[in-house]
1. For the cross-link pairs Lys135/Lys308; Lys308/Lys354; Lys26/Lys217, which exceed 30 Å when the distance is taken from alpha carbon to alpha carbon?
2. Let me check I've understood the local charge: for Asp246, count other residues with C-beta under 13 angstrom from its C-beta, Lys and Arg +1, Asp and Glu -1. What total comes out?
3. Would you mind computing, in nm to one decimal, how far apart the modelled labels at Arg123 and Ala40 are, each placed 7 Å from Cα along Cα→Cβ?
4. Return one number: the angle in degrees, 0 to 90 and rounded to the nearest 10, between the long axis of the Cα atoms of helix 226-239 and the longest principal axis of the Cα atoms of the chain.
5. Return the carbon/sulfur percentage of the accessible area of the chain, one whole number, probe 1.4 Å, all protein chains in place.
6. Using the crude model of +1 on Lys and Arg Cβ and -1 on Asp and Glu Cβ, and no other charge, please compute the dipole size for the chain relative to its Cα centre, in debye to 20.
7. Roughly how many Å² is the accessible area per residue of the chain, as a whole number, for a 1.4 Å probe?
8. Which shape class applies to segment 1-111: rounded if a/c is under 1.5, otherwise prolate when a/b exceeds b/c and oblate if not, where a ≥ b ≥ c are the square roots of the Cα gyration tensor eigenvalues?
Amino acid sequence: MSETPSVVVVGAPSKSMRQAEVSLGKTVSFSFLDEDVLVAAHRRGVPQSALVVVVLGNPPKENLGGVRELASLGAHVVVVGPEKDADLILAAMRAGAEEYLVEGADDEIRQSVAELALRNTGRALGRVTCVYPAKGGVGATAIASNLAGALHRSGDERVCLIDLDLHFGDVLSFLDLNGGYSISDVIANIRRLDRELLDSSLTHHASGIFVIAQSEKIEQAEAIGSQDITTLLTFLRQHFDHVVVDGLRGLDDTTVAALDECNRVLLVLTQDVPAVRNAQRCISIFERLDYPTEKISLVVNRFQRNSKISTDVIRDTTGMPVEVLVANDFAALIKSINRGVLLADESPKSRLTKSIDGIVPLVRGVPEVAARRRGFFGGLLGRKAAVDGAQ
Ligand SMILES: Nc1ncnc2c1ncn2[C@@H]1O[C@H](COP(=O)(O)OP(=O)(O)OP(=O)(O)O)[C@@H](O)[C@H]1O
Ligand SMILES: [Mg+2]
């Protein structure tokens, strides 16, 4: 099967699948075929794609014959149905569907289709982590850049740090790098970029992480839209184990596109009233955007144990527990920034370095999964690991 993950769509017309094609078209190849043609190809032992999407028409159950046949011929089949109906979902699963998606749930359809097509092509999608500041200056860039380094060090994984502040991003200055290959360069060349070309084009920091920014090529920033950000992140997830996103601000289109696409949002705040209030607002907006609560983690930066705004106050005000405490150490941080290195190289033993290392399991999803299996105490222990580093 070719390197590019491929999807064949059969069955009824579907707006959601057309939308998925528009969003993913540069990174996943789509074709829309007649069901009989596809079944015949599978019978000849010539699968046409990594994933088959069967869109149910009306009445929906009548279309399940095709699902059964394709699944029995070895195809990986996803069903898109008109509604969340328990009987229909069960019937689709019994027919051999690997997943049942609902027409109209465009974000979910896009993510599942990309993920399954990629998995069947023998690759796994990396995880996208957005570091989102509750207000300016709370330390998002400091956390994003050092977290990217921590992820790379902890498992020798491929990590890309991307600065989505297209005009005034400061990831490059934190890491003392020149602009090089920009966000708009990647977007313009996505179809041509295989792993080797990507690696040789992107800026590589001495710490081992790859970095992409736009701020040194501001003149092309205006042309970058929210759709480009979705495409870019889907593409990067195919080539990196982790993508860490900095430079998010407010709720403009590109920021929301990144938030939609990510696996986890680290909502960063400090112990002051404006930051806590804004964090509270952000959480209620995330709720309205339908993000599951497990996707959001509250991170207190520059933690002061004796502050009146304790973690309990923050939890009571925002309605969410604080999951990570990051130590306050201006001297260590400013030294590392001035040298263009990460904290792990400047002050490997500092509390600040250790507290950022403590975010790694959270981003990998380890405590999340373990907490579900181990119940209440498992959850507490997982959380404690992330909090301990700062104390
Ligand atoms: N844990 C910390 N301990 C001490 N100082 C910190 C810490 N985190 C950040 N700072 C300092 O706070 C300032 C702002 O940090 P940073 O630039 O990372 O914030 P930001 O949220 O990215 O800001 P902006 O809104 O400008 O993008 C910097 O001077 C940085 O050195
Ligand atoms: Mg910043």
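The values are calculated or read from the model by the stated rules, or taken from the named source; none is laboratory data. From a predicted model like this one, the values you see are computed outputs, not experimental measurements. Counting neighbours? That spans all protein chains shown, and the Cβs are built from the backbone with ideal geometry, glycine included. Surface areas here come from the heavy atoms of the whole protein model, side chains and all, with no ligands, DNA or RNA. Shrake-Rupley method; radii C 1.70, N 1.55, O 1.52, S 1.80 Å.
1. Where the Cα-Cα span goes over 30 Å, no listed pair is concerned, since all stay within it.
2. Around Asp246, the surrounding residues sum to -2.
3. It is 3.2 nm.
4. Here the helix axis deviates by roughly 90 degrees.
5. Numbers: 8610 of 17500 Å².
Of the solvent-accessible surface of the chain, carbon and sulfur hold 49 percent.
6. Result for the chain is approximately 1240 debye, rounded to the nearest 20.
7. 45
8. It comes out oblate by the Cα gyration axes.
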